[in-house]
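Below is one structure; the comments refer to it alone.
Quick note: the coordinates plus some simple rules give every number you see, no bench work behind them. Since the structure is predicted, the reported quantities are computational estimates derived from the model, not experimental observations. Glycine gets a Cβ as well: all are built from the backbone with ideal geometry, and neighbour counts include every protein chain shown.
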Amino acid sequence: MVSAKQRQSQISHKFKSEGKKVLLAAGDTFRAGAIEQLEVWGDRVGVDVIKQAEGSDPAAVMYDAVQSAKSRKADILICDTAGRLQNKVNLMKELEKVKRVIEREVPGAPHEVLLVLDATTGQNALIQAKTFKEATDVSGIVLTKLDGTAKGGIVLAIRNELNIPVKFVGLGEKMDDLQEFDAERYVYGLFADLVEEEEATEEY
């Protein structure tokens with residue numbers, strides 16, 4: 001199973017391999033072990049992690065991270081946020097605050113807000129996308145677990161109802177297994193079985 005932290009390391013690896021200087025910000029401050037987990041993945045790809053103590057205000061972490069990115073002349077700052085808080089209202093308010101801090105410190109930022117969705121989630125993914133779009137104006141989706149039998153057809157509904165494009169897809173655990181979304185390949189994958197059945201019928 002690939003964790004969200006691992007996905008962020010894959011994104012970091014992608015940008016770093018393109019010659020960009022990347023930093024990670026550990027904004028998932030309340031879940032036990034989340035900061036350490038991000039650090040482990042950051043070390044594996046050679047990317048520094050900006051952090052504070054467990055339980056710190058995520059917005060304060062982002063403020064420090066933005067200042068660090070500026071001073072280090074980083075090209076890309078990837079901000080990790082909590083994804084599994086029990087109180088959804090508090091989570092949304094926290095994300096809104098994080099976004100405000102980043103906007104204040106860097107005009108026009110955040111330049112990309114990515115929502116990581118599990119392709120096996122089904123209809124619940126649409127509900128998640130709606131909620132997060134309202135709070136943070138999501139600009140793209142990272143669709144994970146496409147390496148199994150899941151086809152992620154819910155993405156069509158998300159695109160149709162919310163106009164949020166899929167930017168990346170997760171196909172496995174290796175660093176190169178996070179790939180840019182290929183719409184043509186994706187659509188073929190959705191209907192491959194149908195096409196094969198039709199071709200088999202025609203041959204018969």
Amide H contacts under 5 Å for Arg31, placed H, 5+ residues apart
none
If you take every residue apart from Glu36 with its C-beta less than 12 Å away from the C-beta of Glu36, what net charge results, scoring Lys and Arg +1 and Asp and Glu -1?
-1
Crossing angle, helix 34-45 versus the chain [Cα axis fit, 0-90 degrees, rounded to tens]:
70 degrees
Arg185 paired with Glu173, simple spin-label distance in nm, labels 7 Å along Cα-to-beta-carbon
2.1 nm
Result: in segment 30-155 the number of Lys pairs with C-alpha under 14 Å apart, spaced 8 or more or on different chains, is 4
Per residue, the convex hull volume that the Cα atoms of segment 54-132 enclose (Å³):
115 Å³
When the chain is treated as a GNM, springs tying every alpha-carbon pair under 10 Å, which of Lys97, Lys16, Lys73 comes out with the largest mean-square fluctuation?
Lys73
Summing -39500 (n - 2.57) over the DSSP H runs of n ≥ 4 in the chain and dividing by its residue number, what mean residue ellipticity at 222 nm do you reach, to the nearest 500 deg cm²/dmol?
-16500 deg cm²/dmol
Relative to the first principal axis of the alpha-carbon coordinates of the chain, what is the inclination of helix 123-136, with its axis defined by its Cα atoms, in degrees from 0 to 90 and to the nearest 10?
30 degrees
I want the local charge near Val61. Using Cβ-Cβ distances under 12 Å, sum +1 for each Lys or Arg and -1 for each Asp or Glu among the other residues.
-4
Compute the separation of the alpha-carbon centres of segment 1-78 and segment 151-192 and state it in Å as a whole number.
24 Å
Any chance you could give the angle, 0 to 90 degrees and rounded to 10, that helix 4-17 forms with the longest Cα principal axis of the chain?
90 degrees
